[in-house]
Amino acid sequence: MKKLFILTLFLISGCSSQVMVENYEADFESQKSIYDVEYNTGERTPIQLANLSITKDIITQYPELGDKRVGLGLTNRILENFEETGFFRYTEEKDEILNQMLDKWELSDAGLAVDGTELKTGGLVLPKYFVYAELYEFSTSKEEVVDKLNTQIKNTTIVGFQIRLVSVENGEYIVASGLGKTSQIGVGFFDSPDMDFDQSTVGISTQKSLETATVNLIRRAQRRGWL
């Protein structure tokens, strides 16, 4: 009888709880699509992907990001995004670039890319710019909302990338950043949904952040007369 009374009271009054985290997003980090940039049909600028790194604090908190496959996947996404704009060409073959980045990832400490850049001609032409990329933001959050008999779980991943375009001639550079945010939502009836963290949100957030950073980079390079 006592249990029935408690259940009845719960159904009548309802129960609601919520945990929220405020996320700040700068204007320049707001989401952009790679297709916001008009495809370049003119001459392409030769570049060399020089370094890819993750800040030490992020590696310490999320050691799984030190896996060399993470570096390989990030490198591939950067190359594909750049290729989609039509503005750049590489002084090396794609497979050579991927292997180079993978070697740096393996030789580094806890997944951090090694310092130093070797100028390579690819046997054809010198690059006009070096490209550096850094994962500067990586965070996950879990929000749970209970409303009467339903429980909703929302897992969110935020990824932030910064891309730097450095002039080979004089060392001047242009920096651009982007944030990507993706959420996974599960709803349970009478009980919380059994929902582990979805790794697919990492890939989607990464692509969003890299697209935004790439668009910002090209627009700033155009304003400076670099492209």
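Which far-off residues, 5 or more places away or on another chain, put their amide H under 5 Å from the one on GLY86, with H placed in the peptide plane?
Here ASN40 satisfy the definition.
For region 27-77, just the Cα atoms, rotate onto the principal axes and tell me the three extents in Å, largest first.
Taking the Cα atoms of region 27-77, the three principal extents are 43, 29, 15 Å.
Check LYS32: other-chain or 5+ apart residues with amide H under 5 Å from its amide H, H built from backbone geometry?
THR212
Quick one: length gained pulling ASP57 to GLU38 fully straight, 0.36 nm per residue minus the C-alpha distance?
Full extension from ASP57 to GLU38 adds 3.2 nm.
Under the Karplus relation 6.51 cos²θ - 1.76 cosθ + 1.60, θ = phi - 60°, what is the ordered set of whole-Hz ³J(HN,Hα) values for region 37-47, x standing for Gly and Pro?
9, 5, 4, 7, 9, x, 5, 9, 8, x, 9
Based on the mean of other Cβ atoms within 10 Å per residue, sort peptides 208-214, 96-102 so the most packed one is first.
208-214, 96-102
With θ set to phi - 60°, apply the Karplus curve 6.51 cos²θ - 1.76 cosθ + 1.60 along region 63-77 and write out the HN-Hα couplings as whole Hz, x wherever there is a Gly or Pro.
x, 5, 6, x, 4, 4, 5, 5, x, 5, x, 5, 4, 4, 5
Taking R0 as 25 Å, what's the FRET efficiency between ARG219 and LEU126 from their Cβ-Cβ distance, rounded to 0.05?
Computed FRET efficiency for ARG219 and LEU126 comes out at 0.50.
Give the long-range amide H neighbours of SER53: residues separated by 5 or more places, or on another chain, with amide H under 5 Å away, using H modelled in the peptide plane at 1.01 Å from N.
ALA133, GLU134, LEU135
Quick note: the coordinates plus some simple rules give every number you see, no bench work behind them. On a predicted model such as this, the values are computed, not experimentally measured, just so you know. When we count neighbours, we look across all protein chains shown, and the Cβ atoms used for this are built from the backbone with ideal geometry, even at glycine.
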